[in-house]
Amino acid sequence: METLLNRYRNITVLLLVIFAQLVLIAVQVRNDQDVRMVRIWSVTAITPLANVLETVRGGTTGFFRNYILMHDAREDNRRLQGELDRLKMENQFLKGEISTADRAKALVAFQQRTQSRTLAARVIASGAGANSKVVFVDRGSGSGVEKGMPVVTPDGIVGKVIAAYPTASEVMLVTDPEFAAGVVSQKNHVAGTLKGQGQSTCRVDYVASEEKIEVGELLFTSGDDRIFPKGFPVGVVRVVRPTSPYQEVLVEPSGLERGLEAVLIVLEGVHQAIPEVPPANAPVYLGTPPPAPPGEQQTVPPAGPVGTDADKLLQKYRQIGAAQNHTFGQGAPGSKPPDFNIKMPPGEPAKSQSLATEPASGRGGERANSSSPATEKKTAPSNPVAPSPARPLAGSVPPGQPPPQ
């Protein structure tokens, strides 16, 4: 190193002197914008390095910042997801509570409305097996439940008790293949036997092909089976297929439509009447018009003309004559008759009397109806006295003589 410096000592000193001179010149010289050259050179030399350093610093800072934020976002997302799951569970629980309260309210209302003596029970378990159509309720023989008692809900029948234990009872549902009950249709009173099929629908057997049963018709218990009292709803007819000798009728049970949580066990059944089908064309009530405001008279629309076609034609001619100021029976010979070809505006009131009060017919009646104003203002006395030509009436003055003094 020392050998190298000794060899190039003169050149090194020369370069240092030149560099010092340039620095001094750059310090003293300014450009057009009054900025020293040394400042311009230093900024130009340092700017690329500063850009590189700032890029590296910004990228590193952004990476760590995004990593920390994403970590916090994942934590927030996990916390919010847990909160959402908790709210969903709470919502489902509250919906279940509301549904249970509604069912309990419906059961209480049904117990108060029906004449049968019932016992409320809650479904606690279902029978073993995937196709089991048996449930267990929390009321047994200790509560007065016996084998064969019907089980219902406000929507319809559910099944019957097939076994009564001290604290629970076993109930066969209407969809069980071993279940059967007598039913009757609401509209046409067609009787049949309801039987389960192990599915969501039941069938009605022994409906003759000549009987009339319609889709959408309601079915009620008939009481013939000596288990279910008469008048309890069963379901709605969904399918009717005409076959021989009996029709194929499928029914959707209404008692199982909303699921089973609470039921009623009928301890003492009372038969009730099957409700009638409401008429399709029920009368419509139309109230009286509102009273007129104080100070105004309520107008009643006039009744339409009553009579034969001849009376209507005569009434039309009277209206035409009244519109042209023509009085029938009083025109001088040779006068112009009214024009019967003009069109009367609709709703034109007639100036003459109604035909219903005119005891006239033909041409004579026409003269009688078109009486003079004097005749309309005066009425004839009850016992008129005809004047005699030889003996004038008292108070009358012969023509051409002065009145008496």
Please go through the range 117-135 and pick out each residue that is in a loop (DSSP other than H, G, I, E, B) and among the polar types (S, T, N, Q). Asn131, Ser132
Please name all residue pairs, on different chains or six or more residues apart, with Cβ atoms under 7 Å, provided the first residue is in the range 20-31 and is open to solvent by less than 90 Å² (accessible area, probe 1.4 Å) and the second residue is assigned to a helix (DSSP H, G or I) and not aliphatic (A, V, I, L, M). Ala26/Trp41
Suppose we keep only residues that are farther than 14 Å from Ile157 by Cα and among the polar types (S, T, N, Q) within the range 231-288. Which one would you say is modelled with the highest pLDDT? Gln247
Phe220 being modelled with pLDDT of 90 or more, open to solvent by less than 20 Å² (accessible area, probe 1.4 Å) and outside any strand (DSSP E or B): no
Taking the condition of being over 35 Å from the mean Cα position of the chain (by Cα) and not in a loop (DSSP other than H, G, I, E, B), how many residues in the range 136-158 meet it? 6
Top-ranked residue of the range 183-212 - restricted to ones that are among the charged types (D, E, K, R) and open to solvent by 60 Å² or more (accessible area, probe 1.4 Å), ranked as modelled with the highest pLDDT: Arg203
Just to check your reading of the model, which residue among Val251, Val237, Val215 is open to solvent by 50 Å² or more (accessible area, probe 1.4 Å) and under 32 Å from the mean Cα position of the chain (by Cα)? Val215
Name the residue that is surrounded by the fewest Cβ atoms within 10 Å (Cβ to Cβ), counting only residues in the range 157-182 that are over 13 Å from Val266 (Cβ atoms) and in contact (Cβ under 8 Å) with a residue 60 or more places away in the chain. Thr175
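Only one of these is hydroxyl-bearing (Ser, Thr, Tyr), more than 13 Å from Val266 (Cβ to Cβ) and open to solvent by 70 Å² or more (accessible area, probe 1.4 Å): Ser132, Ser126, Ser141. Name it.
After ruling out the rest, the residue left standing is Ser126.
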Taking the range 159-186, which residues are more than 37 Å from the chain's Cα centre (by Cα) and among the small types (Gly, Ala, Ser)? Ala163, Ala164, Ala168, Ser169, Ala180
Exclusive hit being among the β-branched types (Val, Ile, Thr), closer than 30 Å to Ile98 by Cβ and in a loop (DSSP other than H, G, I, E, B), set Thr243, Thr175: Thr175
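The values are calculated or read from the model by the stated rules, or taken from the named source; none is laboratory data. Note that this is a predicted model, so its numbers are computed, not measured. So basically every Cβ, Gly included, is an ideal-geometry build from the backbone, and we count neighbours across all protein chains shown. For accessibility, only protein heavy atoms count, side chains too; no ligands or nucleic acids. Shrake-Rupley method; radii C 1.70, N 1.55, O 1.52, S 1.80 Å.
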